[in-house]
Amino acid sequence: MLFIVGLGNPGDEYINTRHNLGFDVAGRVAQETGMRFREGKGDYLVAIGSFKNREIGVAKPLTYMNNSGEAVADIIERYAVPLDQLLIVCDDFQLPLGTLRLRTGGSDGGHNGLASIIYQLQTDEFPRLRCGIGGETIPKDKSFMRDFVLDQFSNVEFPLVNTMRDKAKEACKSFVEHGVDKTMNVYNRP
């Protein structure tokens, strides 16, 4: 089984925040493929269905961003998900707003959700789709980064963000249908 896990924080106060892009994309994937979220056996919402004759799951960890790895480890064990069939979707302040970057592995890049997953899985070898939130509004002083990622997008940013969410949803569907290499070739372009 293939799993797409969108990272974010549960609760209404986090809706449409920069840090919840993973939740937003996961929701769009589930909606487009006709799946509905329900409570999982662990600390996550899960939607199970099929797309392009593949059984897939889509999940949203409810552990808050900094403990995302706990939910991801449970999903991998419970559903016997091979790491190359796991796609983590998250925000990335180091990428320009609207940019997508799919990789098969690598460091956490300063992202606490990815750091938690790497810690729990004891490997950084799993695909991740990073959605760029950087830009002119990013604080120069990194001590303000927490406030930045937990803030909502501005009205000026929103059209580009909406386009990025749709592109990320399509990248997830491509990952299911065509695999990581072909998807990287298509969606890693500026």
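Positive end of the charge dipole of the chain (Lys, Arg +1 and Asp, Glu -1 on Cβ, about the Cα centre): tell me which of Asn20, Thr163, Gln94 has its Cα farthest that way.
Positive-most Cα among the choices belongs to Thr163.
Choose one of Phe51, Pro61, Ala30: the residue whose Cα lies farthest towards the positive end of the charge dipole of the stretch 2-187 (beta-carbon charges +1 Lys, Arg; -1 Asp, Glu; about the Cα centre).
Phe51
The stretch 1-47: which trypsin sites (Lys or Arg not before Pro) are DSSP loop and have at most 12 other beta-carbon atoms within 10 angstrom?
Listed in order of number, the matching sites are Arg36, Lys41.
Provide the gained length on full extension for the span Tyr119 to Lys182, in nm with one decimal, where the gain is 0.36 nm per separating residue minus the Cα-Cα distance.
Working: separation 63, 0.36 × 63 = 22.68 nm, distance 2.82 nm.
The Tyr119-Lys182 span can extend by a further 19.9 nm.
So how far apart, in nm, are the two label points at Val156 and Glu55 if each is 7 Å from Cα heading toward Cβ?
Reported label-point gap for Val156 and Glu55 is 4.9 nm.
Treat every Asp and Glu Cβ in the stretch 2-187 as -1 and every Lys and Arg Cβ as +1, leave all other atoms uncharged, and give the resulting dipole magnitude about the Cα centre to the nearest 20 debye. Numbers along the way, then the final one.
Values: 21 positive and 25 negative charges, 89 e Å.
So the dipole magnitude of the stretch 2-187 works out to roughly 420 debye.
So what is the calculated 222 nm ellipticity per residue for the chain, using -39500 (n - 2.57) for each DSSP H run with n of 4 or more, over all residues, to the nearest 500 deg cm²/dmol?
Estimated from H runs of four or more residues: -11000 deg cm²/dmol.
Looking at the chain as a GNM with Cα springs under 10 Å, which of Leu86, Leu160, Leu114 has the largest mean-square fluctuation?
Highest fluctuation of the listed residues: Leu160.
For the stretch 31-73 and the stretch 107-149, what is the centre-to-centre distance using only Cα atoms, to the nearest Å?
20 Å
Restricting to the stretch 1-128, compute how many DSSP beta bridges are antiparallel as a %, nearest 5.
Restricted to the stretch 1-128, the bridges split so that about 55 percent are antiparallel.
Measuring from label point to label point, each 7 Å out along Cα→Cβ, what is the Thr104 to Thr163 span in nm?
Going by the 7 Å Cα→Cβ label model, 3.0 nm.
Bear in mind that the values in this text are calculations on the coordinates, not laboratory data. None of the values given here were measured: they were computed from a predicted structure. Counting neighbours? That spans all protein chains shown, and the Cβs are built from the backbone with ideal geometry, glycine included.
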